[in-house]
Amino acid sequence: MEKRPTSHDVAHLAGVSQSTVSFVFTGRPGISEATRERVLRAASELNYRPNLAARSMRTQRTGRLAVVVPIATMNPLTLLSGAISAAREAGYVVEVVSLPEEATARDDRLADLIGSGQHEGVLAFTPLPATDSPADGPVVLSVGEFDDAMHMTGAFTDSRPITEMIERLAAQGHRRFVHLAGPDDFPSARARRAAYLEAIERLGLESLGVFGEEWSGSAGEAAVDRLPADAPPLAVIAANDVIATGAIRAATRRGWTLPDDVAVTGWDDHPQSAFLVPSLTSVSQDRERLGAYSMHRLIAAVRGGDEPMKPDGLLTVIWRESTDSPH
């Protein structure tokens, strides 16, 4: 059996003392960033993982973090991937905790987790209940990416891409717009609707209406079916890619060509959106980088370090064939 790498091996490869390796993985202050990166790089090359049981006995620290995410809601895998990778790079083991949908059961599960003392920190992507955890209990950090109804909030309610898309389409010559919004009980849908209305008014454009029912292709299809026959040339601003696909289907069935008669934009940049005919202009959301940033915040709180800077560019408009200048 291949010998498991030790902290001594990491120290030798990184050119530092064994105690320095220990300090890096326990988060002890006073280690320069260059030294820390050298140790972590050596540990990665050797596939070294610290002995958490031994560390816990020596330092009274578990080396464990928990990530709480509402699994029942939108796909959280990229958020988790970024958070877990960041934690592992810092030498932590991560437990992912799913939550019941019922509010009381969810709060009880969170309170048990926070008060268990098994984790040095808890990263929550959902609001946390008030608890009576002792002062020396785990550090709890909530980044608030979901609200109490398990709807997306936080960084991804930033609606500036809606404004960017409308401004570019208006510069291309589009004067008529319609917004296919999501349900009003979603903060992201409300933010995108508000951005749409603000841009239309500010730029002196014509809106044929705001239709908001559900996050479905049938909702987008029904909305475009209700538009008057003389609607084109028209730009459709859909609140997500699924709604946009329904809009494209309805426009095509009515004999309207894309992007000549109708330009369509979506949101989420689903993997299939680049392969539609025409390919769909959409908004990419870097959930993995948000997850990593959130975990770095938690680790900084656990170790008493400086909080990292919030990353820019989490939302990016991906321009594709579904948007172009009207005739």
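A few points about this structure:
- For Ala235, the amide hydrogen comes within under 5 Å of the amide hydrogens of Arg176, Phe177, Val178, Ala263, counting only partners 5 or more places away or on other chains and with H modelled in the peptide plane.
- Within the accessible area of region 147-253 (1.4 Å probe), percent carbon and sulfur: 51
- Ratio of the Cα radius of gyration of region 244-293 to 2.2 N^0.38 Å, where N counts its residues: 1.39
- Each principal axis of the Cα atoms in region 252-327 has its own extent, and those three values, largest first, are 62, 21, 15 angstrom.
- Accessible surface, per residue, of region 185-301 when the full set of protein chains is kept, probe 1.4 Å, Å²: 39
The values are calculated or read from the model by the stated rules, or taken from the named source; none is laboratory data. The structure displayed is predicted, hence computed values, not measured ones. Heads up: the accessible areas ignore ligands, DNA and RNA and are worked out on the full protein's heavy atoms, side chains in. Shrake-Rupley method; radii C 1.70, N 1.55, O 1.52, S 1.80 Å.
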